[in-house]
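The values are calculated or read from the model by the stated rules, or taken from the named source; none is laboratory data. Source: prediction; values computed, not measured. So basically every Cβ, Gly included, is an ideal-geometry build from the backbone, and we count neighbours across all protein chains shown. For accessibility, only protein heavy atoms count, side chains too; no ligands or nucleic acids. Shrake-Rupley method; radii C 1.70, N 1.55, O 1.52, S 1.80 Å.
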Amino acid sequence: MQGLLGKPLGRVHWSNKAAKTGPLAHRPDNSAFMQQRLPAWSPMLTTSTVLPFMYCMAVLCLVVGVSLLITVQGTQEMKLDYTEAGTCNNCFQSLKNVSNAGKSCSCRVVFTLEHEFKGDVFFYYGLQNFHQNLRKYMDSRDDAQMVGRKQNLKNPSSYCEPYIRDEKDVPIAPCGAVANSMFNDSFALQYQGQPGDPINTVPLYRKGIAWYTDENVKFRNPPKNKSQTLAQVFEGTTSPPYWQKPVYLLDPLDATNNGFINEDLIVWMREAAFPNFKKLYGVLVRTQEPFTNGLPAGNYSIDIVYNFPVQYFKGRKQVVLSTVTWFGGQNRFLPIAYLVTSGLVFIIAIFLTVIWWKFGKDAKNMNE
Amino acid sequence: MLRWTRQQLGFDPPHQSDTRTVYVANRFPQHGHYIPQRFADNRIISSKYTIWNFVPKNLFEQFRRIANFYFIIIFLVQLMIDTPTSPVTSGLPLFFVITVTAIKQGYEDWLRHNADNEVNGAPVFVVRSGSLVQTRSKNIRVGDIVRVAKDETFPADLVLLSSDRSEGTCHITTASLDGETNLKTHFSVAETSVCQSGSRLESLQAVVECQQPDPDLYSTIGDSSLLIIAVCTTAGVAVYTGMESKMALNYKCKSQKRSAVEKSMNTFLIIYLCILLFEAVLSTILKYAWQAENQWDEPFYNQKTEQEKNSNPFLQILKFISDFLAFLVLYNYIIPISLYVTVEMQKFLGSFFIGWDLDLYHEESDQKAQVNTSDLNEELGQVEYVFTDKTGTLTENEMYFRECSINGIKYQELNGRLVPEGVMEDTLDGSNTGDELLFLKAVALCHTVQISYDQPDSMGGGGDPFSHANGFSSGTMEYYASSPDEKALVEATKRYGPPGTLKVVSAVLGRNIDDHIPLIFPHDPYKLLHVLEFDANRRRMSVILDGEEHPESYAEVERRLGAARTALQHRDERLQEAFAFIERDLQLLGATGVEDRLQDKVQETIEALRLAGIKVWVLTGDKHETAVSVSLSCGHFHRTMNILELLQQRTDNESTGRPLMSCLMDPFLPSLLRINDDHVIQHGLVVDGASLSLALRQHEKLFMDVCKNCSAVLCCRMAPLQKAKVVHLFKTSPERPITLAIGDGANDVSMIQEAHVGIGIMGKEGRQAVRNSDYAIARFKFLSKLLLVHGHFYYIRIAHLVQYFFYKNVCFITPQFLYQFFCLFSQQTLYDGAYLTLYNIFFTSLPILVYSLFEQLVHPHVLQTKPALYRDISRNSLLSFRTFLYWTLLGFCHAFIFFFGSYALIGEDTSLNGNGQMFGNWTFGTLVYTVMVITVTLQLALETHYWTWMNHFVTWGSITFYFIFSLFYGGIIWPFVQTQDMYFVFVQLLSSGSAWFTIIIIIVTCLFPDMLKKVLYRHLHPTGTQKNQRAIYDLA
């Protein structure tokens, strides 16, 4: 390696010390910094310092692990694969034929909850083997368009390849492969306590499922006048080729939930890290009986509008019902990790104590 | 223009002819064909760059480095093909590294420019058109007549034409060239010495024929020398100017020595390059294996563009290559880009500590340690063999005349007089015998000592100092000698000479070729005809004096000498021949005994080095007995040592191979056996130069084996080149030990340059050794602190720096590699581009830099008092392959824990939020990244043993900075940016309770095993260093 200085370092005068004269002109300063005597803390990892720390850590991990475990035990989760379940098998078969791709197909699956789901219940849809994390796929979106920039609406970014414009050269909004492949099954959940009981529609709140910042900042509809409708704003664009409805009609029930700020769209646009994932669909509304305490045990059925094809990538579709605690959904790994760590640390601490005891507390062998 | 360009780039071939012809005052011959020669102007350019060529030239130099070249290739690949990361992610760090280096080099060059301008702009007087003209130094051309006043420096290499003295002499010192401050007399040619005025010089028509520029300082023709101080006003003609002057030719960058650490670093880099290639190839192959199945290749949601679908075989291959390159780009961060720049900063900044060290400062001479290259700092901690000169290195080189032997009678100093042994003082009659006189005469005449007078007014007005000499008392005179024993001898003559010789001796010292020297007896004057200078090969000097006897033989001598001295080629060889012709049939008059005191604490230093496992070799030109006694007195040899001797192996035995072999082996075989039998007794070896060269030539392996088993080796009767040869031999022996050479004189230079580390002693024999050394210290005793403390510090610092750098980059990039297994090898990055870019230049750069500047495993005092600690780090132990493997594996393990820990905890489909919302891939990447930044920083904290406030500041500051940066980066919708992937991702992550628990448990899991390992090793197999840490810890 070439030296930093081709010339002797001594030639570089850093201060005006060279100007000093006298017999000791070149004497270096007797400062702590220059003499490498800065006050310093020198910790040492010895058995005796580490042991108390280890016991403390074992206890701490144990406490955290146990409390996490208790919390997790309180959560409930139910997964239902409806790809070919119940009458959905027909839809599955029908979608195998490409010509039926655009046709709507309805089906119903039934299930039973053995135990009551207490508290807030979250309704997710899940996909397996769907790679939302492919590079080409992930890149194929235009955040500038979806943040509502007017000039980007009709000039989608080249990133959106191959879904920038349709055959007639009309710009696609929202452009890109991610938006194009948006999940488009819809669900209606019904509850029937016992056979013969009246059927209750389970009310699902379909908002608040996307991040607050996404909903309010990152995704915006293009600016419009008071007189304009959303449809007029999107005039001159076309919807992605696989979509059945244009972007301004995604939610027929709530006019404010349309366009780029449609929460289903936003949820979909947050690409999952792994090929098996679930996405939030709705939250149980607990205002009316019998759902004030959550989902009671009993029989349920889901009416599904079955649009999303998964057979092309050997995928599966699921519905997930889950309760969450303050630290999230049902995840047993975290408490287990803490408990195992606690146990291991404890065993090693004991082992180390034995060594410490046997080979001398002050490590006699150190004084050779 | 082309020619100019070529010259600037240094492509022009050197001058064609062997000699150059200089026309004084540029008066070219009027008739006859004259081919003008091109000479350089007198501009001194030590700077490398100009404003115009700085950017291209500096860039070119930087990209010649293999690492920078690698990164620029990666950058270009990113520009050309579709790669997962934007070119900015590798362009920015590269730009950062290049800029930092360029700023540093630019600053240094600016300093050089300033120095050059000062020299080039200095006012000088030149004779132009018959009168003196003041101009600037850079305007001097070859052939100009330059006037140099008293105490001025020479602006170029000059040939002396005349001086204001009638004899045309001039006294100069060559302090700037070789540090010798003694006055040297130079003589002008008689024909020109009369030209003392500008007009007369102007009318001078002369030609100087001289060699082409040549860097050898001592092969000068006549009187050329640059930047030397003149003692009287002189006029000279410029023969070598500017970059062709001796000074400039000697002002070259020294040979590039590489440290062992750097070699290891390069090996590691190659290993990592292999890992990188392996990962890229594996990923590419797996990608195509996946794509063979249609469902993965092109699911409906990821349709290919038309262009991608139209594939012919050629495009397929192109696609394959571009995929490979894309993976290369994705994983390229495994080669740590900032490693080189950090190492450079560390070496540059770290080397200041040597100069700043008060313990390496010598008060008497006001000299501090000097660092000439910072590249070798850590090599100071790896030294296995020390080769040291004796005179001036182990000894003070302050000679004092003690005794002498004249005609077989020993004389000693007694009450300021020289008296024969056994004779009482009162019996002396005060007169000297003939033998004594002859002896004193010889001592008084045969030397090259110069005098200077302390009183400045005596030299005022350019007056002849010699006219004052007789009226002077000796107290105002200073002797300057190129060798201290000469000085001692002259001083002795002054002391012991017959009464009344004081002033005449002093006059001798300033002798002049035209002076008739009244020596000792005023009626017995001598005229000095020639000086046959001392050199290390002949080991003698002589003078030729004017005498009446043998005029015919003198004529022959004169002829030979004159021919040899004026030869333009092979002058050295011809001089040697002439000297050999003259110096024969010599008679022994007597011998002098000059004492040279040992330096302070030499014994302690040698003992400390030995305890540190360093073998000390003394290489000296002295004869065997002297060398051995010095060795014994300085503790190099012990009385208890079994001393083997290999002496007097005459080279004339060479013809008979067999007997020689046995005669060499004879003294060795039993001792060899003893060495193997007995490890308790230490062995010392004495070998002389002739035997050494024989042993090296014929029994190299055996000799090396013996040497390795000896704890002390003494080589006497060594020629300077032999010293370098011994060093070279050891350097290249199979074990490749690290060698250090230390010396003070010009004869040690070759050894100093040859050894891995060359140390110069700022002694009395000029600055040749210091200029050629890597480090220079004032006294031998400083060597122990330099090696045991500074060497130890630098080594552990840089070793950890290198290991840690590789570790942290493995941690960094392996999760990204693992992620490919989950995203069908689609080259999706795990981290955002900004994080990729800033990891090495912001988030993890400062803690390691500060660590590598301030880390101390043990207090310096302990290191110095317990030299055995030096053995802990010997043979590059901290960069052994095992340690490297450990750190690399640690990196991989940590990376696996980061990735799979986060994977298991976030899970495939677990909500981490209390509101049931889900996270995406960027949150996952950020989680891994957060855990990584903290773990990697804390891993270094675990290694740190010396926590100054700066370590605290940068360690906790880096983590804090990461959090602040992430909050800021994720808090804004960035204008002009295509994707807003990171918007509020970090805040969302931190708002999740389980993310915090995840971060904590992963960090603990990562750091715990390494901590446990450290504790166990410390408890069960503590190294010497750790034992001492413990001792200090217990004390506190």
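Within region B:902-914, residues that are more than 7 Å from every other protein chain (Cβ to nearest Cβ) sit with their Cβ atoms under 7 Å from residues that are hydroxyl-bearing (Ser, Thr, Tyr), at 6+ positions apart or across chains, in these pairs: B:Ser902/B:Thr998. Out of all the residues in region B:983-1007, which are facing another protein chain (nearest Cβ under 7 Å), assigned to a helix (DSSP H, G or I) and open to solvent by less than 30 Å² (accessible area, probe 1.4 Å)? B:Gln988, B:Gly993, B:Ser994, B:Thr998, B:Ile1001 - these are the residues of region B:983-1007 that are facing another protein chain (nearest Cβ under 7 Å), assigned to a helix (DSSP H, G or I) and open to solvent by less than 30 Å² (accessible area, probe 1.4 Å). The condition (being in a helix (DSSP H, G or I), away from chain A (no Cβ under 14 Å), at pLDDT below 90 and closer than 27 Å to B:Thr267 by Cβ) is satisfied by just one residue among B:Tyr333, B:Tyr340: B:Tyr333. Residues that are touching a Cys at 6+ places or on another chain (Cβ under 9 Å), among the basic types (Lys, Arg) and buried (at least 22 other Cβ atoms within 10 Å of the Cβ) do not occur anywhere in region A:264-280. Checked against the criterion of being farther than 30 Å from B:Pro815 by Cβ, open to solvent by 20 Å² or more (accessible area, probe 1.4 Å) and more than 11 Å from chain B (Cβ to nearest Cβ), region A:208-219 contains not a single residue that satisfies it. Among helices (runs of 4 or more DSSP H) entirely within region B:687-739, having at least 2 residues that are in contact with a Ser or Thr (Cβ under 7 Å, 6 or more places away or on another chain) and touching a residue at least 12 places away in the same chain (Cβ under 8 Å) singles out B:689-698, B:720-731. Does B:Val977 satisfy the condition of being open to solvent by 30 Å² or more (accessible area, probe 1.4 Å), assigned to a helix (DSSP H, G or I) and either facing chain A (nearest Cβ under 9 Å) or modelled with pLDDT of 85 or more (or both)? So B:Val977 does not fit the description; no.
Looking at region B:1014-1023, can you tell me whether even one residue there is in contact (Cβ under 8 Å) with a residue 40 or more places away in the chain, within 30 Å of A:Ala349 (Cα to Cα) and not in a helix (DSSP H, G or I)? Yes: region B:1014-1023 contains one or more residues that are in contact (Cβ under 8 Å) with a residue 40 or more places away in the chain, within 30 Å of A:Ala349 (Cα to Cα) and not in a helix (DSSP H, G or I). With respect to B:Gln316, determine if the residue is at the interface with another protein chain (Cβ under 8 Å from one of its Cβ atoms) and surrounded by fewer than 22 Cβ atoms within 10 Å (Cβ to Cβ). It is false that B:Gln316 is at the interface with another protein chain (Cβ under 8 Å from one of its Cβ atoms) and surrounded by fewer than 22 Cβ atoms within 10 Å (Cβ to Cβ).
Would you say A:Gly328 is touching a residue at least 40 places away in the same chain (Cβ under 8 Å) and of a type in the set (Gly, Ala, Ser)? Against the criterion (touching a residue at least 40 places away in the same chain (Cβ under 8 Å) and of a type in the set (Gly, Ala, Ser)), A:Gly328 does not qualify.
Of all residues in region B:1008-1020, those being at the interface with chain A (Cβ under 9 Å from one of its Cβ atoms) and open to solvent by 50 Å² or more (accessible area, probe 1.4 Å) number 1. Summed over region B:358-372, residues that are more than 7 Å from chain A (Cβ to nearest Cβ) and in contact with a helix residue (DSSP H, G or I) (Cβ under 7 Å, 6 or more places away or on another chain) total 3.
Looking only at region B:748-783, residues that are assigned to a helix (DSSP H, G or I) and open to solvent by 10 Å² or more (accessible area, probe 1.4 Å) come to 8 in all.
Every condition in (1) more than 10 Å from chain B (Cβ to nearest Cβ); (2) buried (at least 18 other Cβ atoms within 10 Å of the Cβ); (3) not polar (S, T, N, Q) is met by A:Pro195 except one, and the failing one is (2). The set of residues in region B:35-77 that are more than 14 Å from chain A (Cβ to nearest Cβ), open to solvent by less than 60 Å² (accessible area, probe 1.4 Å) and assigned to a helix (DSSP H, G or I) comprises B:Phe54, B:Tyr70, B:Phe71, B:Ile72, B:Ile74, B:Phe75, B:Val77. Considering every residue within region A:234-255, establish whether at least one is more than 25 Å from B:Asn913 (Cβ to Cβ), in contact with a strand residue (DSSP E or B) (Cβ under 7 Å, 6 or more places away or on another chain), in a loop (DSSP other than H, G, I, E, B) and not hydroxyl-bearing (Ser, Thr, Tyr). Yes, region A:234-255 has at least one match. One residue stands out among those in region A:315-358 that are of a type in the set (Val, Ile, Thr) and in contact with a strand residue (DSSP E or B) (Cβ under 9 Å, 6 or more places away or on another chain): the one that is nearest to the other protein chains (Cβ to nearest Cβ), which is A:Val324. Apart from one condition, A:Thr83 fits all of (1) assigned to a loop (DSSP other than H, G, I, E, B); (2) within 14 Å of another protein chain (Cβ to nearest Cβ); the exception is (2). Within region A:129-163, being more than 7 Å from chain B (Cβ to nearest Cβ), in a loop (DSSP other than H, G, I, E, B) and open to solvent by less than 20 Å² (accessible area, probe 1.4 Å) holds for A:Phe130, A:Gln132, A:Ser140, A:Arg141, A:Asp142, A:Gly148, A:Pro156, A:Tyr163.
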